[in-house]
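Read the figures in this text as sums done on the coordinates, not as results from a lab. Predicted model only: the values in this text are computed from it and were never measured. FYI the Cβ positions are ideal-geometry reconstructions off the backbone, even for glycines, and counts take in every protein chain you see.
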Amino acid sequence: MDINISTLITAVIALLIVITIVRSIRIVPQAQLSVIERLGRFHRVLHGGLHFIVPFVDHVRSKFTTQEQLINLHPQSVITKDNVSITIDGLVYLRVNDAQKATYEITDLRDATAQLAQTTLRAEIGKMELDETLSSREEMNQALQIALDQASASWGAKVTRVEISDISVPQDVQSAMELQLRASRERRAIETQAAANKNRVIAEAEAARQQAYLEAEAKERMAEADKKAQILMAEGQRQGIELIAQALKENAFAGEYILTQERIKAWNGIAASDSSNKIVVPYEAADLVGSLSVVSDLLKGVTPKN
């Protein structure tokens with residue numbers, strides 16, 4: 001009986017030792033944080049790996065993952081600045097970087113982040129009109145991320161991204177927007193056509209102006225060329241007259257020679273003509289006729305006296 005009691009006591013002690021050893025060993029997985037309290041107070045944070053704690057004195061208060069956590073924002077009704085009710089939802093990506101603050105500074109980190117995101121989202125949408133809300137999704141994402149990151153910093157977490165996944169508008173508002181968009185497209189088409197017509201008219205006017213300028217320039221050049229040709233011709237005639245005058249001074253028969261050449265040219269022109277109404281009169285007869293005409297004119301000028 002004594003042996004059995006001793007064996008039982010030994011077994012109990014051995015079991016307690018094994019339990020103590022097992023409870024003193026903590027294996028923390030990678031990308032996980034464990035907050036350890038000692039006698040009800042914060043002691044330390046265990047990261048991934050093998051750790052030893054004091055059994056029955058230290059215990060694990062909370063566990064967090066260092067991976068990004070996805071928080072789905074449920075659809076909610078939001079009123080824009082121009083009093084249009086829209087439904088919006090989104091996604092928040094959160095990462096815990098301080099397990100102590102995440103344990104003692106906030107009761108439920110995920111729920112608090114979701115509520116803060118929805119509140120901030122309503123505030124941001126209330127500052128914008130409907131058209132701006134639909135076209136400024138990226139700006140809203142950045143504004144939400146900044147606001148959430150500032151608030152969650154005191155909770156030991158960091159908001160890495162915020163994405164607005166869907167924005168729904170009422171059917172009547174959507175129909176009105178489609179009509180407005182169609183009217184805007186038609187207006188832009190009319191403006192584009194008007195601009196094209198304006199550019200065409202300007203181009204035609206410019207082409208006409210260039211053509212008129214070129215024609216005027218061509219006429220001016222032709223006039224200048226005619227002027228130079230007339231000047232050259234007059235200069236040639238002047239030089240010819242000077243040469244003839246010089247020749248007459250040097251030789252008295254030079255004038256007769258020139259007149260003889262001109263007569264020959266004139267007779268050649270008459271002879272080459274096909275007309276049958278022509279009479280060739282010798283030079284001496286022409287002189288006689290001319291003399292008779294002069295005498296006749298003189299006689300007519302003298303009247304007999306009674």
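Compute and list, largest first, the equivalent-ellipsoid semi-axes of region 30-100 from the alpha carbon gyration tensor, each √(5λ) rounded to a whole angstrom.
Details: eigenvalues 343, 37, 13 Å².
Working through the eigenvalues yields semi-axes of 41, 14, 8 Å.
How many Å³ per residue does the convex hull of the Cα positions in region 57-165 occupy?
Numbers: hull volume 9.4 nm³, N = 109.
So the per-residue hull volume is 87 Å³.
Taking the Cβ-Cβ separation of Arg238 and Glu215 as r and a Förster radius of 25 Å, what is the calculated FRET efficiency to the nearest 0.05? Walk me through the intermediate numbers first.
Numbers: r = 34 Å, r/R0 = 1.37.
Taking R0 as 25 Å, the efficiency between Arg238 and Glu215 is 0.15.
If you average the C-alpha positions of region 206-228 and of region 101-151 separately, how far apart do those two centres end up, in angstrom?
So the separation of the two Cα centres works out to 74 Å.
In whole Å, largest first, what are the principal axis extents of the Cα atoms in region 2-64?
Sorted largest first, the three principal extents are 52, 25, 13 Å.
Largest first and in whole Å, give the semi-axes of region 73-135's equivalent ellipsoid, each being the square root of 5 times a Cα gyration tensor eigenvalue. If you can, show how the numbers build up before the last one.
Numbers: eigenvalues 175, 20, 18 Å².
Over the Cα atoms of region 73-135, the ellipsoid semi-axes are 30, 10, 10 Å.
State the dimensionless ratio Rg/Rh of region 1-134 (Rg: radius of gyration of Cα atoms; Rh: Kirkwood radius).
Working: Rg = 25.1 Å, Rh = 19.1 Å.
Ratio value, two decimals: 1.32.
What is the order of Asp58, Asp111, fewest Cβ neighbours within 10 Å to most?
Going from least to most buried by this count: Asp111, Asp58.
Could you please rank Leu144, Leu46, placing first whichever residue has the fewest other Cβ atoms within 10 Å of its Cβ?
Numbers: Leu144 24, Leu46 21.
Placing the least packed residue first, the sequence is Leu46, Leu144.
Nearest 20 debye, what's the magnitude of the dipole of region 2-64 about its Cα centre given +1 on Lys and Arg Cβ and -1 on Asp and Glu Cβ? Mind dumping the intermediate values first?
Details: 7 positive and 3 negative charges, 78 e Å.
So the magnitude is around 380 debye.
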